[in-house]
Amino acid sequence: MTSPEPPLSESSSDAGTLRSAHEVLEGRSKKNLLGRLLPFMGPAFIACVAYIDPGNYATNLQGGALFGYRLLWVILASNLMAMLIQYLAAKLGIATGRNLAETMRDHYPNWGRLVMWIVMEIVAMATDLAEFLGAALGIYLLFPGLFNEFAAFSGWPPLLVPGLLMGGLAMVVLLLENQGFRPLEALITGLVGVVAVCFLVETVLDRPDLGQVVYHSVVPQLSGPESIVLAAGILGATVMPHVIFLHSGLTQGRIVTHDPQQLRRLMRFERVDVVIAMTLAGLVNMAMLIMAASTFYAHGMSNIATIQQAYRTLTPLLGASAGTIFAISLLASGHSSSTVGTMAGQVIMQGFVDFKIPLWVRRVTTMLPSFIVIALGVDPTRALVLSQVVLSFGLPSAVIPLVVYTARRKVMGVLANHPVTTVAAGIAAALIVALNIFLLYQIIF
């Protein structure tokens, strides 16, 4: 059976991608395995950006500096849970043709969806603020002397000019808004690749103990109460609520088919997309912790508490190139994750209240709080920590409905979860929510 193809995007690159995808789903493609896979790759790479954002830098660097390689297993376990949750988000969009926010709107009373919209908008904006600051910090760390001299001359905060430059970069990305989904996927995937290559180089420079890396990746081990809190922080911050909404939005109308057999085939390709992208994100997170363990922890420097301290310490330990590579990775991470945060906010607004504003208006609006924070001189690392607290408030509102709706055949049709999948997702969701509550308690009290 041949499924009707949806109207093609105005972008020629999208048109070619959609045409190739339907040829694969209908069994007409003559391409090799990679050629058949490529049209389905992209959404998960945009979503995985949230797992290598500047907030992860702070947590992973602190974990490696304090406890060496001991918490690598926590990153591996958290990545597996995140992989499952993101897979369900992608599946919801494909099965229903609606994103998670729209699905919740269909089932919630008016007051409920308005409350959820406000909560998730705050979550998305708080995340975007921290990630924008992270990118600005990356620009600053590339040329600290220049920006410090200008700050001394002008009286402006040192991060203000980097923030303005970051704002310019952010607006450039908006040029891709009307070019279809493929160019944006390519840009974000490229930035993820930059982060991955940077940490690959850092791993080569810091020469970790590979035996210890493998051992602590698979053998659970903790070292006292502080390591428990930090492990909870890594696990609890695993799933980003805003990117669950976004991932379901990215897949909901990307490749459309109503044929049950083609839907199952589409999900097999989407599963590959999720596994590859989330594995890459997990390896980057592990590389962050490995770098901190093999440099800071190995030299007895367990007091590395901020990203700036990590940058300043890397240079004397590994050479000037290590600090520069670290700053480039931070810039790529912050720029890509800030863009993804803005996209998520758009999906959340459209889904819950059926209203949409131009992306550039949202981009400007979400940049303003960042400049206020910079003007007030708030420590960027502190802002990253506070953003994790805000995320904790929104997490149950995304994860629990996702697990519930993807288990319902009435909602999902032939793509409804297998009971084993629902049980696994329920356990993962319960653990993630519980750890976020624990982390929130530790931070507040």
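Beta carbons closer than 9 Å, at least 6 apart along the sequence or on distinct chains, never pair a first residue in the range 392-411 that is free of Cβ contacts under 8 Å to residues at least 60 places away in the same chain with a second that is surrounded by 24 or more Cβ atoms within 10 Å (Cβ to Cβ) and not in a helix (DSSP H, G or I).
Only one residue in ILE255, ILE290 is touching a Phe, Trp or Tyr at 6+ places or on another chain (Cβ under 9 Å), farther than 29 Å from PHE438 by Cβ and not hydroxyl-bearing (Ser, Thr, Tyr), so which one is that?
Answer to the selection: ILE255.
Looking at the structure I just gave you, is THR315 in a helix (DSSP H, G or I), modelled with pLDDT under 90 and not hydrophobic (A, V, I, L, M, F, W, C)? Judged against the criteria, THR315 is a match.
Only one of the listed residues (LEU330, LEU280) is assigned to a helix (DSSP H, G or I), in contact with a Leu (Cβ under 7 Å, 6 or more places away or on another chain) and not aromatic (Phe, Trp, Tyr). That residue is LEU330.
Taking first residues from the range 412-441 that are on the phi > 0 side of the Ramachandran plot and partners that are assigned to a helix (DSSP H, G or I), the Cβ contacts under 9 Å between residues at least 6 apart in sequence or on separate chains come to GLY413/ALA95; GLY413/THR96; GLY413/PRO260; GLY413/LEU263. Taken together, the residues in the range 300-326 that are among the aromatic types (Phe, Trp, Tyr) and within 16 Å of LEU289 (Cβ to Cβ) amount to 1. Is the range 280-290 home to any residue that is small (Gly, Ala, Ser), surrounded by fewer than 24 Cβ atoms within 10 Å (Cβ to Cβ), under 15 Å from the mean Cα position of the chain (by Cα) and within 22 Å of MET81 (Cβ to Cβ)? Checking the range 280-290: at least one residue is small (Gly, Ala, Ser), surrounded by fewer than 24 Cβ atoms within 10 Å (Cβ to Cβ), under 15 Å from the mean Cα position of the chain (by Cα) and within 22 Å of MET81 (Cβ to Cβ). Pairs are defined by a Cβ separation below 9 Å, a sequence spacing of at least 6 or placement on different chains, a first member in the range 300-315 that is within 15 Å of ILE328 (Cβ to Cβ), and a second member that is in a loop (DSSP other than H, G, I, E, B) and of a type in the set (Val, Ile, Thr); the pairs so defined are ALA310/ILE304.
Only a single item in (1) surrounded by fewer than 24 Cβ atoms within 10 Å (Cβ to Cβ); (2) of a type in the set (A, V, I, L, M, F, W, C); (3) part of a helix (DSSP H, G or I) is not met by VAL274, and it is number (1). Please work out if VAL201 is of a type in the set (A, V, I, L, M) and within 23 Å of ALA130 (Cβ to Cβ). Taking the combined requirement at face value, the residue does not satisfy it.
Considering each residue of the range 296-312, count those that are part of a loop (DSSP other than H, G, I, E, B) and at negative phi, and give that number. Give the derivation first.
Residues of the range 296-312 that are part of a loop (DSSP other than H, G, I, E, B), as a first pass: 296, 300-306.
From what's left, at negative phi: 296, 301-306.
Residues that pass the stated criteria total 7.
Residue-wise test of (1) among the aliphatic types (A, V, I, L, M); (2) under 18 Å from the mean Cα position of the chain (by Cα).
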{"position": "PHE150", "(1), (2)": "no, no"}
{"position": "LEU174", "(1), (2)": "yes, no"}
{"position": "GLN179", "(1), (2)": "no, no"}
{"position": "ARG182", "(1), (2)": "no, no"}
{"position": "LEU191", "(1), (2)": "yes, yes"}
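The single condition from (1) closer than 22 Å to SER338 by Cβ; (2) free of Cβ contacts under 8 Å to residues at least 40 places away in the same chain; (3) of a type outside the set (Phe, Trp, Tyr) that ASP106 fails is (1).
The values are calculated or read from the model by the stated rules, or taken from the named source; none is laboratory data. Because the structure is predicted, anything quoted here is derived from the model rather than measured. Backbone-built Cβ (ideal geometry, glycine too); neighbour counts: all protein chains shown.
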